[in-house]
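Structure record follows, encoded as structure tokens.
Derivation of every value follows stated rules applied to the coordinates shown; laboratory data play no part. The model shown is predicted, which means the values in this text are computed figures rather than measured ones. Neighbour counts run over all protein chains shown; Cβ positions are idealised from the backbone, glycine included.
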Amino acid sequence: MYFGKKVLAEIISNPVFQACLFSWFSAQFIKTVIGLFSGKIHSLRALSESLVWRTGGFPSSHTALVTTLTTCVGFRSGVSSDTFMLAFCFLMVTIRDALGVRRASGLQAKKLNELGNELSDKQMIEYKPIKEILGHRPMEVIFGAVLGFFIGLGFAVL
């Protein structure tokens, strides 16, 4: 299959794709505003990273995006369609990952940083801390799902 300008234009003009993109950017924007007001963003680079790539935090952009996808597919194809079931299963895996696996990785990173800093303080090793916030708290995921549902609903009825 040739992936040319026509196919790209079809993807970009797809309302489900647009809804998902809007949902993701909305969640990232909210996350960035919270970061600005809480004093966690101190540079233009940190601001741009927060708008585009920051993981973890409030709300979950992954959950928002996949909830929007599931909502749009449900309205367009029906909740008994195979496509909706696929989107719904994808949503469940995303939520599980955000709450479980990714959160556990973040907690492990925190312990590794504690150990690394302790060994570095004793001058046994030189240690550079790793990123700790990889997963989400339940409220971050819930708000991401609520945000995603209403954005999906809005795009579905428009």
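Identify the single condition in (1) touching a Phe, Trp or Tyr at 6+ places or on another chain (Cβ under 8 Å); (2) under 30 Å from residue 40 (Cα atoms); (3) crowded, with 21+ Cβ neighbours inside 10 Å that residue 116 does not satisfy, given that it satisfies every other one.
Residue 116 satisfies all of (1) touching a Phe, Trp or Tyr at 6+ places or on another chain (Cβ under 8 Å); (2) under 30 Å from residue 40 (Cα atoms); (3) crowded, with 21+ Cβ neighbours inside 10 Å except (3).
Quick check, is residue 69 of a type outside the set (Gly, Ala, Ser), surrounded by fewer than 16 Cβ atoms within 10 Å (Cβ to Cβ) and assigned to a helix (DSSP H, G or I)?
No, not satisfied.
Name the residues in region 1-43 that are surrounded by 15 or more Cβ atoms within 10 Å (Cβ to Cβ), small (Gly, Ala, Ser) and either in contact with a Phe, Trp or Tyr (Cβ under 6 Å, 6 or more places away or on another chain) or more than 14 Å from residue 148 (Cα to Cα) (or both), would you?
Across region 1-43, the qualifying residues are 19, 35.
Let's see how each residue does on (1) in contact with a Leu (Cβ under 9 Å, 6 or more places away or on another chain); (2) among the β-branched types (Val, Ile, Thr); (3) surrounded by 15 or more Cβ atoms within 10 Å (Cβ to Cβ):
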| position | (1), (2), (3) |
| --- | --- |
| 86 | no, no, no |
| 91 | yes, no, yes |
| 100 | no, no, no |
| 149 | no, no, yes |
| 158 | no, no, no |
